[in-house]
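The values are calculated or read from the model by the stated rules, or taken from the named source; none is laboratory data. Values in this document were obtained by computation on a predicted structure and should not be read as measured data. When we count neighbours, we look across all protein chains shown, and the Cβ atoms used for this are built from the backbone with ideal geometry, even at glycine. The area values use the complete protein model at the heavy-atom level, side chains included, leaving out ligands, DNA and RNA. Shrake-Rupley method; radii C 1.70, N 1.55, O 1.52, S 1.80 Å.
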Amino acid sequence: MSTDDIRVGAHTSIAKSAGPYDGPANAVHQQVEYGGNCGQIFSHSPQVWQSSYLVNLCTPKDDLREKSLTSMQEEVDAAATLDVPYVNVHLGAHTGAGVEGGLRNAGSVLDDLDVPDGVTVLVESDAGSGTKLGGQFEHLATVADETSLDIAFCLDTAHVWAAGYDISTEAGVEETFTEFDDVVGLDRLAYVHLNDSKHGCGTNKDEHAHIGEGEIGVEGMRAFIRRTAAEGVPMALETPTEDGKSFEWNIERARELYE
Ligand SMILES: [Zn+2]
């Protein structure tokens, strides 16, 4: 296999750094520095209220629903302006509405979005802690059924693992892809977040590790990368920046494992 067709990059920042650029141009500049050929950005700071971080599509609370809808609308509009094809979102937590109620709420918010042409909303799989939804593939399939919006999905390897899918072996990765295909449909897999995990399978704990250095390990990460690349799906890293291992290191590692 060659590394020519593998699409891998990092989560980069639009904030001005040491480089000459600011805003989205800085994110692209950083990506090139890391050796990535795709990636993702926060379109605005995750610390503020109007941010995707606090979006909760499953909420039964009217005010939070409105804020989530407004924030998502800003995101899809920003994506259209920047010519970015995908907006990634977590479903959030049902906080008492129940699994079915929460997924219905999410479908209803997605229905109310006015998504510009050329932009697709991606729902990301979740680690599934507390009342957060999206850990089980069935949740993703239900949301797709609940909304008339043509959504697609992003699988985060650390979340899939935390939610109980054993992707630490080649056979486990095959089984997980088969299950995703049966329940959701592989044609709806648009993106992968490539992260190893610091915690065990099924723990619902979401803490990312460097590629091949966590609990998923080398065999599982290698199999997942190869399977994802075979589907032509791009991968973005959200690995930590510790132990002297940068995004650059992790991108290189992903390419090594693919070969
Ligand atoms: Zn992720």
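Quick notes
- Based on protein heavy atoms only, the chain ends up with 45 Å² per residue of surface accessible to a 1.4 Å probe.
- Net charge, residue 133 excluded, C-beta distance under 13 Å - Lys, Arg +1, Asp, Glu -1: -3
- The share of accessible area on the stretch 192-245 that comes from carbon and sulfur is 38 percent, using a 1.4 angstrom probe.
- Inter-centroid distance (Cα atoms) of the stretch 221-259 relative to the stretch 146-217, Å: 14
- Peptides 110-118, 178-186, 34-42, ordered by how many other C-beta atoms sit within 10 Å of their residues on average, highest first, read 34-42, 178-186, 110-118.
- Relative contact order %, the chain, counting alpha carbon pairs below 8 Å whose residues are six or more apart: 19
- Carbon plus sulfur fraction of accessible area for the stretch 77-169, probe 1.4 Å, in percent: 44
- Among the lysines of the chain, pairs that are 8 or more positions apart or on different chains and have alpha carbons within less than 20 Å of each other number 5.
- Cut-off 12 Å between beta-carbons: net charge of the residues surrounding residue 71, Lys and Arg +1, Asp and Glu -1: -2
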